[in-house]
Amino acid sequence: MTGFPILSVMLAVPAVAAVLCLFASAQNARWIALVATLVDFALGIWLWGNFQTGPDAPQWQFVESVLVFGKPGGVTLSWAFGIDGFALMLIMLSVFLMPICIGASWKAVQTRVPEYMAAFLATELLMIGTFAAQDLFLFYIFFEGGLIPMFLIIGIWGGANRIYASYKFFLYTLLGSLVMLIAMLYMALTAGTSNIPALMAYDFPAHVQTWLWLAFFCSFAVKMPMWPFHTWLPDAHVQAPTAGSVVLAGVLLKLGSYGFLRFSLPMFPEASAQFIWLVFGLSAIAVIYTSLVALVQSDMKKVIAYSSVAHMAIVTFGLFAFNQQGIEGAMIVMLSHGLVSAALFLCVGVIYDRLHTREIDRYGGLAINMPRYAVLFLFFTMASIGLPGTSGFVGEFLSLAGTYKVSTLYALLGTTGIILGAAYMLYLYRRVAFGDLTKDDVKAMPDLETREIWLLAPIAAVTLWMGVYPESFLKPMRADVVRLVERVNRAAPAGDSLPTPGKPAASEGASATASAHGEAR
């Protein structure tokens with residue numbers, strides 16, 4: 001271990017605060033949770049500011065490792081942490097959203113507040129640990145541990161049908177991961193190490209990769225969730241409290257796509273190419289089918305929940321495109337969706353706190369008596385459908401451009417889903433914000449208060465920042481994207497796109513460019 005163990009400190013802060021919350025009064029627990037999450041956010045900013053980029057920068061930074069038990073060459077468990085650009089961005093997303101979750105729960109949650117705040121702090125600890133873990137089994141502990149606080153948050157502070165939703169969420173996600181654990185044990189015994197960076201460079205035989213890939217797919221496909229493993233998500237979102245939906249859509253759905261990025265692609269490149277038809281097929285169905293389902297929903301949370309399934313399908317399109325545009329686009333979509341879907345759930349929570357219903361038909365004309373709310377809700381609606389200048393456009397454009405290099409058909413299907421996405425989001429906005437303001441209880445709803453503006457404005461600012469200047473988010477990840485593309489390039493599928501008349505094919509152009517660079521050197 002070298003230097004200041006900042007990653008361990010970022011884990012210790014919410015852990016200590018969670019224990020303190022359990023012995024504090026309701027109001028003190030709120031303040032402890034808020035201060036702890038803000039401290040972690042400040043540490044995250046320091047982490048980003050000191051993260052090295054460029055060709056000479058090391059891939060893994062802020063590394064720390066202590067052997068807990070076992071002997072090298074067998075199954076071991078190490079307290080091993082370190083981050084690359086992918087992990088950095090997802091940790092920043094986590095620590096950015098957590099203070100907002102605490103703020104959103106300030107007035108909405110009045111029962112068992114200390115336990116509620118402790119559960120959210122435990123969620124933050126487990127999310128950061130998942131993204132930073134460099135030991136295979138430590139990753140599994142954090143990855144699966146995140147189920148427990150979210151299970152409690154939905155089951156205790158959720159809606160009327162919370163018990164069913166919480167058990168469905170828990171069982172779906174847990175059962176998928178048991179097969180992955182068996183695969184991890186095999187990998188550690190075969191490779192003689194449980195170190196994730198070492199496993200990313202280890203070449204498993206192609207026939208073994210097939211089974212290992214399927215084992216990991218069982219877990220990651222449920223976590224994302226991919227169609228048809230998505231059915232737990234609408235129930236979980238509808239029953240979860242507002243802050244629970246924020247952290248579930250904002251960060252926890254990214255665990256599956258991070259797993260594909262960290263494990264499936266670099267560790268099993270041949271198997272990833274072998275099953276590209278499966279991933280693309282399920283993603284195409286998800287983009288179109290869930291968009292059509294979202295069009296007919298009467299509950300606002302369900303519309304946003306189904307939109308999450310469609311957006312995560314764009315992520316899997318980009319990840320399995322095996323090229324730089326696709327992977328960079330997938331990461332930006334992950335970050336963008338984490339921000340925008342979190343903000344949309346907050347917008348639903350704002351009016352739910354006033355009228356205590358999520359039925360779309362109960363509203364209408366909110367732009368008249370809630371103009372500030374209508375403006376912010378419109379901004380996040382536009383970001384969700386990929387308006388140029390917002391984060392959604394950058395990620396979707398890059399992801400589908402990468403997909404187009406591999407398959408024109410699937411790029412077309414993905415684009416069709418985006419058009420349908422615009423349909424259901426604009427339809428939702430029209431029914432909520434426009435129309436005649438005829439209902440007396442809706443007329444009485446006050447506009448956004450200062451606390452609510454403070455929750456939504458930072459997300460709007462970052463969404464705009466990412467859309468206008470995405471390079472600041474892409475730069476820390478670019479070297480890692482290049483390394484991943486080099487790793488999977490040997491298994492990359494041939495694209496079906498035809499070259500422009502008079503221009504060389506993409507592969508020929510790339511070879512020519514590479515030769516030119518080689519001669520220049």
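The values are calculated or read from the model by the stated rules, or taken from the named source; none is laboratory data. Computed from a prediction, not measured in an experiment: that's the story for all the values here. For neighbour counting, all protein chains shown are included, and Cβ atoms are generated from backbone atoms with ideal geometry for every residue, glycine included. The accessibility values were calculated without ligands, DNA or RNA, using every heavy atom of the protein model including side chains. Shrake-Rupley method; radii C 1.70, N 1.55, O 1.52, S 1.80 Å.
Given the structure, is residue 241 surrounded by fewer than 21 Cβ atoms within 10 Å (Cβ to Cβ) and more than 26 Å from residue 415 (Cβ to Cβ)?
No.
Kindly state which helices (runs of 4 or more DSSP H) lie completely within the range 106-186 and contain at least 1 residues that are over 24 Å from residue 44 (Cα atoms) and among the β-branched types (Val, Ile, Thr).
113-132, 147-157
Within the range 251-267, can one find any residue that is open to solvent by less than 10 Å² (accessible area, probe 1.4 Å), more than 19 Å from residue 177 (Cβ to Cβ) and small (Gly, Ala, Ser)?
No, that holds for no residue.
Does residue 43 qualify as being modelled with pLDDT under 85 and surrounded by fewer than 19 Cβ atoms within 10 Å (Cβ to Cβ)?
For residue 43, the condition - modelled with pLDDT under 85 and surrounded by fewer than 19 Cβ atoms within 10 Å (Cβ to Cβ) - is not met.
Of all residues in the range 187-197, count the ones that are more than 14 Å from residue 263 (Cα to Cα) and part of a loop (DSSP other than H, G, I, E, B).
Matching residues across the range 187-197 total 2.
Starting from the range 9-30, take each residue that is outside any helix (DSSP H, G or I) and list its partners that are not β-branched (Val, Ile, Thr), counting only C-beta distances under 8 angstrom and pairs at least six apart or across chains.
Pairs that qualify, where the first residue is outside any helix (DSSP H, G or I) and the partner is not β-branched (Val, Ile, Thr), are 23/114; 24/114; 25/114.
When the range 444-471 is examined, which residues are found to be out of contact with any Phe, Trp or Tyr (no Cβ under 7 Å at 6 or more places or on another chain), of a type in the set (Asp, Glu) and surrounded by fewer than 18 Cβ atoms within 10 Å (Cβ to Cβ)?
Within the range 444-471, 449, 471 meet the criteria.
Would you tally the residues in the range 456-501 being of a type in the set (A, V, I, L, M, F, W, C), at pLDDT 85 or above and out of contact with any Pro (no Cβ under 9 Å at 6 or more places or on another chain)?
16
Determine which member of the set 381, 390 is modelled with pLDDT under 90 and polar (S, T, N, Q).
On inspection, the qualifying residue turns out to be 390.
Here's the yes/no breakdown for (1) within 29 Å of residue 67 (Cα to Cα); (2) at pLDDT 85 or above; (3) open to solvent by 30 Å² or more (accessible area, probe 1.4 Å):
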| position | (1), (2), (3) |
| --- | --- |
| 182 | yes, yes, yes |
| 191 | yes, no, no |
| 203 | yes, no, yes |
| 208 | yes, yes, no |
| 222 | no, no, no |
| 228 | no, no, yes |
| 231 | no, no, yes |
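Quick check: anything in the range 279-300 over 13 Å from residue 225 (Cβ atoms), at pLDDT below 90, among the β-branched types (Val, Ile, Thr) and outside any helix (DSSP H, G or I)?
yes
Which members of the range 322-332 meet the condition of being of a type outside the set (Gly, Ala, Ser) and assigned to a helix (DSSP H, G or I)?
Matches in the range 322-332: 324, 325, 327, 328, 331, 332.
Go through the range 307-321 and report how many residues are in contact with a Phe, Trp or Tyr (Cβ under 8 Å, 6 or more places away or on another chain) and part of a helix (DSSP H, G or I).
6
Which one of these is at pLDDT 90 or above and crowded, with 19+ Cβ neighbours inside 10 Å: 131, 151?
Matching residue, one of 131, 151: 131.
Do we find a residue being hydroxyl-bearing (Ser, Thr, Tyr), surrounded by fewer than 23 Cβ atoms within 10 Å (Cβ to Cβ), more than 30 Å from residue 26 (Cα to Cα) and out of contact with any Cys (no Cβ under 8 Å at 6 or more places or on another chain) anywhere in the range 92-112?
No, every residue in the range 92-112 fails to be hydroxyl-bearing (Ser, Thr, Tyr), surrounded by fewer than 23 Cβ atoms within 10 Å (Cβ to Cβ), more than 30 Å from residue 26 (Cα to Cα) and out of contact with any Cys (no Cβ under 8 Å at 6 or more places or on another chain).
Restricted to the range 476-486, and to residues that are over 16 Å from residue 402 (Cβ atoms) and over 19 Å from the mean Cα position of the chain (by Cα), which residue is surrounded by the fewest Cβ atoms within 10 Å (Cβ to Cβ)?
483
Among 4, 51, which is in contact with a helix residue (DSSP H, G or I) (Cβ under 9 Å, 6 or more places away or on another chain), hydrophobic (A, V, I, L, M, F, W, C), within 19 Å of residue 64 (Cα to Cα) and not in a helix (DSSP H, G or I)?
Every option except 51 fails the conditions.
Residue pairs, Cβ under 7 Å, 6 or more apart or interchain, first in the range 38-61 and under 11 Å from residue 480 (Cα atoms), second open to solvent by 60 Å² or more (accessible area, probe 1.4 Å) and assigned to a helix (DSSP H, G or I). List them.
53/475; 59/483
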